Amino acid sequence: MKILYNVTVIVDPIIEQDWLAWMQETHIPDVMNTGSFESYQLQKVITEGSEGGTSYAIQYLSPNMDTLDHYQSHHAPRLQEAHNKRYSGKFGAFRTIMEVISRG
């Protein structure tokens, strides 16, 4: 069973361009280099509702729950700390874990 790990981040406009570049050039490659995910997608949320910032969703596809659990216990704390240090107070984030039922 494939698992989709979704991270939604609301970014302060003051850091948005730097954040977007850092995510694409550093953070996402670091996450992918853990070997825990088969692929990823980075999306900008275009519906209204994010007061005070722009929302982005990063979706990582994991082959199974065990692999995601390993990522969360062995890699996520270090990677999230690097993000938090760089952008402290300038973002909000929440994570969702979903089971993939079907794909096209």
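Computed quantities for the displayed model
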item	result
Cβ-Cβ under 8 Å pairs, at least 6 apart or on other chains, segment 4-25 side in a helix (DSSP H, G or I), far side at pLDDT below 95 and crowded, with 16+ Cβ neighbours inside 10 Å	16/53; 16/54
In segment 56-97, the residues that are in a strand (DSSP E or B) and either in contact with a helix residue (DSSP H, G or I) (Cβ under 6 Å, 6 or more places away or on another chain) or within 20 Å of residue 34 (Cα to Cα) (or both)	57, 58, 59, 60, 61, 62, 95, 96, 97
Check on residue 58, touching a residue at least 24 places away in the same chain (Cβ under 8 Å) and either within 13 Å of residue 8 (Cα to Cα) or of a type in the set (A, V, I, L, M, F, W, C) (or both)	yes
Some residue of segment 83-92 being within 14 Å of residue 10 (Cβ to Cβ), small (Gly, Ala, Ser) and touching a Gly at 6+ places or on another chain (Cβ under 8 Å)	yes
Subset of segment 36-55 that is among the β-branched types (Val, Ile, Thr) and in a loop (DSSP other than H, G, I, E, B) - its residue that is surrounded by the most Cβ atoms within 10 Å (Cβ to Cβ)	45
Options 31, 11; residue that is among the β-branched types (Val, Ile, Thr), more than 19 Å from residue 97 (Cβ to Cβ) and buried (at least 17 other Cβ atoms within 10 Å of the Cβ)	11
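Conditions tested, residue by residue: (1) more than 13 Å from residue 6 (Cα to Cα); (2) not hydrophobic (A, V, I, L, M, F, W, C).
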site	(1), (2)
16	yes, yes
20	yes, no
34	yes, yes
39	no, yes
58	no, no
67	yes, yes
96	no, yes
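The values are calculated or read from the model by the stated rules, or taken from the named source; none is laboratory data. Please read these numbers as outputs of a predicted model, since none were measured by experiment. All Cβ positions, even for glycine, are placed from backbone atoms using ideal geometry, and neighbour counts span all protein chains on display.
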